[in-house]
Amino acid sequence: MSLRLGLRANLAQFSLLIAVNALVGGVLGQERAVLPLLAKDEFGLTGYTFVLTYVVAFGLTKAATNYFAGTWSDRFGRRPVLLAGWLAAIPVPLMLIWAPSWSWVIAANVLLGVNQGLTWSTTVIMKIDLAGPSRRGLAMGLNEAAGYIAVAVTALATGYLAARYGLRPAPFLLGLSYVVLGIGLTVFAVRETREHARLEATQHPAAAEGMPSEREIFTRTSLREPALSAASQAGMVNNLNDGLAWGLFPILFATAGLSVAKIGVLAAVYPAVWGLGQLVTGPLSDRWGRKHLITGGMLVQAAALALVAVANTFAVWLVAAVLLGAGTAMVYPTLLATIGDVAHPAWRARAVGVYRLWRDGGFAVGALLGGIVADLWGLRAAVWVVAALTTLSGIVVAVRMYETHSNRKVSA
């Protein structure tokens with residue numbers, strides 16, 4: 001059968017990969033509402049920096065694994081890398097259920113970082129392979145929406161399970177079921193997409209361009225190419241925000257006297273708006289372009305964080321969670337589409353890996369920065385510091401990034 005690019009031509013496989021990425025998001029979502037409370041209630045951890053070690057472990061591991069996922073998917077194919085990521089997830093919920101000490105939780109999050117880096121990066125790469133150049137924003141919007149809606153639904157479900165049955169084991173049994181389903185779909189239904197990228201490379205305006213070295217791809221994406229480097233720093237700050245929301249927000253809400261159920265709602269609303277919003281912002285970036293959505297999204301996130309810092313009630317924090325999700329939705333698929341616009345198909349998977357290395361390094365930076373500032377000056381001070389950094393990041397995008405979609409620029 002001859003290969004064709006485009007969402008319509010590859011609808012069945014694209015839809016399957018959306019389902020797979022929803023399961024990937026669900027595995028991540030099992031921790032969001034429960035683990036900060038587990039640290040406090042069952043392990044007696046009080047220092048914020050120490051509590052956030054699990055986010056640091058996850059962020060550093062996922063960031064590094066993202067980088068290798070891009071290289072390995074070019075070398076070995078997308079599907080084997082996806083399967084390896086699912087296999088790494090098998091012990092995670094079991095370790096969280098049986099953990100006798102906090103070191104087990106940290107080890108589980110190292111494996112979770114491997115799982116998320118390999119599976120989520122590979123599903124991104126595979127969808128970009130299938131979609132072709134014209135609907136890349138829509139493809140990334142659908143991909144990220146599926147993942148983060150699943151994060152939200154799972155956070156809400158685990159909050160309910162924790163409130164009804166306790167913090168362990170019920171919430172993590174849901175995550176285990178996602179892993180089993182993900183392995184089954186990958187083994188029996190997912191098909192390889194690497195040849196689609198090779199087909200696009202033959203049709204690319206720079207098809208004759210030689211393959212740059214690994215070092216060259218890294219420096220272009222990180223520093224030299226204006227759009228790629230601006231996207232990389234914005235992605236890092238975006239996930240710095242998410243690391244803060246994941247690790248410290250539940251503790252902030254708990255200190256204000258909110259119930260576990262209400263904390264679960266707030267933990268779910270932010271990724272739910274984020275996920276659903278990407279169904280709009282992804283295709284919108286195909287129509288309006290990438291740059292202004294990214295700039296605006298970073299500034300909306302900064303405003304939401306400021307609101308979190310000044311609020312004291314569930315209702316106001318709910319508004320802040322909606323705003324934070326909306327700002328993140330404006331940014332998340334649009335940054336990935338920017339990488340796809342600029343990077344040549346022959347080395348695009350590796351550029352995605354480098355971008356996601358910086359982006360998910362933000363989890364670790366956010367956890368460390370937030371934990372240190374919170375220990376020194378309090379939880380709200382940590383939120384204010386991150387709000388200021390997010391504002392600065394939006395300004396960097398406004399100044400440095402050019403519009404990538406309408407001009408179809410290609411890195412030379």
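Every number here is computed from the coordinates shown, using simple stated rules; none is lab data. All values reported here derive from a predicted model rather than from experimental measurement. Backbone-built Cβ (ideal geometry, glycine too); neighbour counts: all protein chains shown.
Each peptide among 183-194, 34-45, 2-13, 337-348 gets the average number of other Cβ atoms lying within 10 Å of its residues, and from highest to lowest they stand as 337-348, 34-45, 183-194, 2-13.
Ranking ALA152, GLY117, HIS196 by how far each Cα lies toward the positive end of the dipole of segment 116-232 (charges on Cβ) leaves ALA152 at the top. Considering all projection directions equally, how large on average is the shadow of the alpha-carbon convex hull of the chain, in square nanometres? Average projection, Cα convex hull of the chain: 17.5 nm². Spatially close Lys pairs in the chain, defined by Cα atoms under 26 Å apart and a spacing of eight or more places or different chains, total 6. Which one, VAL187, ASN239, PHE253, is farthest towards the positive end of the dipole of segment 181-277 when Lys and Arg carry +1 and Asp and Glu -1 on their Cβ? The Cα lying farthest towards the positive end belongs to PHE253. Remark on segment 58-119: hydrodynamic radius 11.7 angstrom, per the Kirkwood mean of 1/r across alpha carbon pairs. Helical runs (DSSP H, four residues minimum) scored at -39500 (n - 2.57) apiece and divided by the length of the chain put the mean residue ellipticity at 222 nm at -27000 deg cm²/dmol.
With the Kirkwood sum run over all distinct C-alpha pairs, segment 32-149 has a hydrodynamic radius of 15.5 Å. In plain terms, the residue of TRP377, TRP274, TRP86 with the fewest other Cβ atoms within 10 Å comes first and the most crowded comes last, giving TRP377, TRP86, TRP274. Taking the longest Cα principal axis of the chain as reference, the axis of helix 53-76 is set at about 20 degrees.
Could you work out the percent of alpha carbon pairs in segment 270-398 separated by over 17 Å, rounded to a whole number? Distances greater than 17 Å cover 63 percent of the Cα pairs. Classify segment 271-327 as rounded, prolate or oblate from the Cα gyration tensor: take a ≥ b ≥ c as the square roots of its eigenvalues, call it rounded if a/c is under 1.5, otherwise prolate when a/b beats b/c and oblate if not. Oblate shape, in that a/c is at least 1.5 and b/c is the bigger or equal ratio. Ranked by how many other Cβ atoms sit within 10 Å of their own Cβ, fewest first, the residues MET236, MET211 fall in the order MET211, MET236.
Between VAL316 and LEU223, the simple label model (points 7 Å from Cα in the Cβ direction) yields a spacing of 4.4 nm. Among THR334, THR158, THR123, THR71, the ranking by other beta carbons within 10 Å of each residue's beta carbon, starting with the fewest, stands as THR71, THR123, THR158, THR334.
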